Structure formats: structure tokens, C-alpha cells
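We did not get these values from a lab; they are worked out from the coordinates using the rules stated. Keep in mind that what you see is a predicted model, and the values were worked out from it rather than measured. Methodologically, a virtual Cβ is constructed for each residue, glycine included, from the backbone with ideal geometry; neighbour enumeration extends over all protein chains shown.
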């Protein structure tokens, strides 16, 4: 093993052992794999600033030393968990190709996890090689950065290192290149972490874990002296956080694709981007994963799928949290989802506050998108580009160039829609019309990660090892409304 660097800021961080201190009932200590090469392909300087590190003080070599060679600074932990996968319970899960690298405090005082992906086999690899394809790492970077820029509560990618191995996969042309990624997230604990404890009938361990979750991630609830009140408030807040997250996905036109309970974070944060896709043509039945034959996790089913996952978490907490409290928490989900979905959709239409016509506009907009099969992204981008203050008083000017170029049926539907839109504009004070344009510009991306966009930047990487298109795309998606 290489000698530990004494001047590597990433190794010298004040790592904490909050999860390790829970004891070995929750994880297995693991040793990372060794790799023949260590080529840094991505580093997230924005994340560095969140953990009190100056990007100029951290070299590329520091990244490869810390996250490629995996020099020891603390124990590496593969968490144990179960989960419902496409509604079937699987008791043979756990961290199979990654582990908890370490936990650090952010500048905001919150605890964050560094979690690896592709760092080698663990006791939970189920015969797999524990590796991550380079393309899989590239896709996760793009997904997490795009969603972050769109205001979605998501994990981030801290680094991606190419590791010089040939991997064989059924869903990529093989052999394909290998990588190891480090994810930056609020917590490594999943719904499935509790489900495992329920399965092995260890209510005591579930209670200990829940107390830990509240102490570390929901500390504002500690002021509640009554334990069951505290637990109930926690479950209600988690329900609202998850409802908010799903509404963020939906208004971003994003389909996660694999909403199993082991992919649900206990902090209500989005993570683990595999076969994700951003929807092009508006279609509630749009499905991102080729293996989701029934469309269980299609775009339109996401709110219901996550509510189902919450119900299963409530089952796993039976004996720890009173059922009445969990039922009250579940009741918070739908109203919160509706509130955030409406608020974010109205912002995409240019309105920061609702009016008496807002509900009619939301219904009319979704009906228009579904009936005309208009591109979800293009509709809002076009509305942003063509917006003019004259629309408030002259309905015929709304999307006039677009309507002129549209097929007769689509043009007719657009004309009906703009009547409703103009009614909402008419309720905006004249002096605030400029704010409508600004809201449109700050909310609607001009570029979205549709599959052809990702394939277009992957091809030069695969064929020529040309990363420039990837870095250029990354810059665009990190500032999606400024294109």
C-alpha cells in the first residue's frame, strides 16, 4: 500500500464516524479493490467549496490518491439493507459495488456522506464484480448536475476516476471501460435499511437507527420530549420531503426509472441514477428502463410509486412508531405533492403566485401537452423565447409564430389554451409583467439531457477518448437557463 500523504486535503478532512458508531449490526467493514490505472475524468469543485476546501488547494493527484488508490483514513463500510424491487421483496441486497467512504460536515453544519460506486466487491455483491462502467459514471454525473441545476434535491457526484479495466455488461457494447465514482449525499441510509431490520425482527435495532436518523438529520425535532410525538413528526416530515422531491422530478420532466425501496433515501434526497431519462414528448406512460415491461415506474406513476414505498416503510417501522402517527404522516404526502407541483408548474408558466385562474391554467396546460404530443421541454422553452408583455392585452399575439407553423389540430388546441393563459396574465399588475418574463427565463431550461444528447457526447469518448464535448455539455447543463 502507498504511503499516506500528509498534505492531501481530501485525506486530512475531519471525518466523523456517526454511522460507524452505531455498531456492526448495520454494516460490514470492507476493503476496496486495487486498479491498474487512475485517470481523473471529473472533479466537482462546487462540492469542494461546500466542505470548506478551496478548489485551488486540491490537486487532481489528491483526488486519485484519495478516491482511486483508497489510502486508508478510516473504516470503509458496506451497509446492509433489503428492499422491494418492482414490488417483490428481496432480502439479498446491501452495498454490492460501493461503500461509505467517510462522513464530513459541510459549511452549513450538516453531515454529508462520501459514498463510492464501482470500488470493488463486498459481501453483498451477489457474484458481481463490484465495478462501475465508465459510461455509467458519466451518466450519473450528468443526471445529478442537471437535476441540481433544475432545483431538484439530489445527491451530487464528487469525482469520477477511470480505472483501466475491461468490463463485460449485457446492456453496453463490451468490453467497456471501468471507473470508480464518489457520490456526495446527505445520507447512506435507505428505506431498505429499516426493512431489513423488520425482516430479521430486530425492533431494537430499528429504534436505535431511527433515533440516530433524527439526531443527525432531523435535529430540530429533538426538542420534542415525547418520543412518539417526535417519531410522528419525523415521519410526516419525511413524507413531505419525498412528496416535494417527486414534484420536482415531475416538473423537470424526469423519470428516475428504478423506484425500489432500496433507492429511497431516509432524508428524501434523489440518488442512484441508472437508466434514468428526461422525457421529450409529453407522455405520462413514458418509461425510462427497458426492463420495466409493465411501466410500473413510468413518468406518470412516480408519485404513486413513492407513496407506496412510504407505506412499506411504515410497515417496517411497526412496533417502533405508533400506527396512528404513521397514518397521519402518510396523509401529508398528497397535499404536499399537489402544492409543490402546482407551484413549480406555475413558475414554468411565468407566475410566482397563484391567481383565481391558476387551476384552470394548470389543467389546460397538461391537457394541451398530452393531446398535442408537444415536446415537454420545447413547449416551455418556446414560451420563454416568444414571451412579450403585449400578451397581457392581445391574446392573438400569444405564441403566434408557433401557432402559424403548427398543424391545424395543434394550432386549434393552442388557440384554446392561450385564452386561459391570457386570463391569468390579465390578473398580473401591469408593472409586474416584466417579472413574468424573468420567471420564465429563470425556470425553463434551454437544454435538457435527452438520450441522443448523452449518446452524442459518449461517442467521442468511446471512439477517440475525446472528453471535450462532455465538459462542454456539463457547462451547459450546469447553467441550463442561460443558453
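Structure summary
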item: Prolate/oblate/rounded call for segment 152-265, Cα gyration tensor, a/c under 1.5 rounded; result: prolate
item: In degrees, nearest ten, helix 302-316 long axis to first principal axis of the chain (Cα); result: 40
item: Highest average packing first - 133-139, 403-409, 174-180, Cβ atoms within 10 Å; result: 133-139, 174-180, 403-409
item: Quotient of Cα Rg and 2.2 N^0.38 Å for the chain, N being how many residues it contains; result: 1.03
item: Average silhouette area of segment 381-463, convex hull of alpha-carbon atoms, in square nanometres; result: 7.2
item: Principal-axis tilt of helix 376-386 within the chain, Cα atoms, nearest 10 degrees; result: 50
item: Semi-axes of the equivalent ellipsoid for segment 192-343, Cα gyration tensor, largest first, Å; result: 29, 17, 12
item: Estimated [θ] at 222 nm from DSSP helical runs (n ≥ 4, -39500 (n - 2.57)) normalised by residues in the chain, nearest 500; result: -13500 deg cm²/dmol
item: Hydrodynamic radius of segment 189-256 per Kirkwood, over alpha carbon pairs, in Å; result: 13.5
item: Segment residue 435-residue 397, length gained on full extension (0.36 nm per residue, minus Cα span); result: 11.8 nm
item: Contact order relative to length of segment 20-188, as percent, for alpha carbon pairs under 8 angstrom and 6 or more apart; result: 25
item: For segment 238-308 and segment 411-446, distance of Cα centres in Å; result: 28
item: Fewest-first sequence of 80, 196, 202 by Cβ atoms within 10 Å of each Cβ; result: 202, 80, 196
item: Segment 20-188: radius of gyration over Cα atoms, expressed as a fraction of 2.2 N^0.38 Å; result: 1.03
item: Inter-label distance for residue 166 and residue 199, nm, one decimal - labels placed 7 Å from Cα along Cα-to-Cβ; result: 3.6
item: Acute angle (nearest 10 degrees) that the helix 227-251 long axis makes with the longest principal axis of the chain, alpha-carbon atoms; result: 50
item: Sorted by Cβ density within 10 Å, fewest first, the residues 42, 387; result: 387, 42
item: Kirkwood hydrodynamic radius of segment 125-193, from inverse mean 1/r over distinct Cα pairs, in Å; result: 13.5
item: Geometric extent, Cα atoms of segment 293-387 - Rg, Dmax (angstrom); result: 17.7, 57
item: At 1.306 mPa s and 10 °C, Stokes diffusion of segment 342-483 via Kirkwood alpha-carbon radius, µm² per second; result: 96
